[in-house]
Amino acid sequence: MLTYPHGYIDGQGREGELMRFKLPWIDMVKCDIAEHCGQCGAAESCPTGAFHVLQGPSDFEPDAPCRTAIDFELCKQCGDCAHACERGAVKMV
Ligand code: SF4
Ligand code: SF4
């Protein structure tokens, strides 16, 4: 049986649902963090710090832009970041 995040496909190719859960996803085209590299409502609303802003270039990534990121080990799938993002750039999928 093949499993994947939202369900499974059994030996006969039938689909079923194991459990339903969603994770936050960032639309990098809609997100304007690279333009202001500052306040992010989604990050500020995240209760665990999973949603955060990476401040851009570092010794390890000298060409990296300022960007938003999610630590999925900390994420508890509450959806607060998606509700808080004023540009609709964060979705639970
Ligand atoms: S609130 Fe949304 S659009 Fe604004 S910086 Fe955060 S993720 Fe990007
Ligand atoms: S779903 Fe909740 S815990 Fe996960 S990144 Fe968004 S606000 Fe943080």
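Read-outs: derived from the displayed coordinates by stated rules, not from any lab. Since this is a predicted model, take the numbers as computed values, not measurements. Cβ atoms come from the backbone with ideal geometry, glycine included; neighbour counts cover every protein chain shown.
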Subject >> segment 48-91, subset away from ligand 1 (no atom under 13 Å from the Cβ) and within 13 Å of ILE26 (Cα to Cα), residue surrounded by the most Cβ atoms within 10 Å (Cβ to Cβ) >> reply: GLY79
Subject >> Pair list, Cβ < 9 Å and 6+ apart or interchain, from segment 58-85 residues that are farther than 18 Å from THR48 by Cα to residues that are among the charged types (D, E, K, R) and more than 10 Å from ligand 2 (Cβ to nearest atom) >> reply: CYS66/GLU35
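Go through segment 62-88 and count every residue that is part of a loop (DSSP other than H, G, I, E, B) and within 10 Å of the chain's Cα centre (by Cα). Before the answer, list the steps.
Restricting attention to segment 62-88, the residues satisfying the condition of being part of a loop (DSSP other than H, G, I, E, B) are 62-66, 71-79, 85-88.
Filter again for within 10 Å of the chain's Cα centre (by Cα), leaving 71-72, 75, 77, 79.
Count: 5.
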**OP:** Six or more apart or on different chains, Cβ under 7 Å: which pairs go from a residue in segment 36-56 that's on the phi < 0 side of the Ramachandran plot and within 14 Å of ligand 2 (Cβ to nearest atom) to one that's in a loop (DSSP other than H, G, I, E, B) and among the basic types (Lys, Arg)? Could you list them?
**Re:** THR48/LYS76
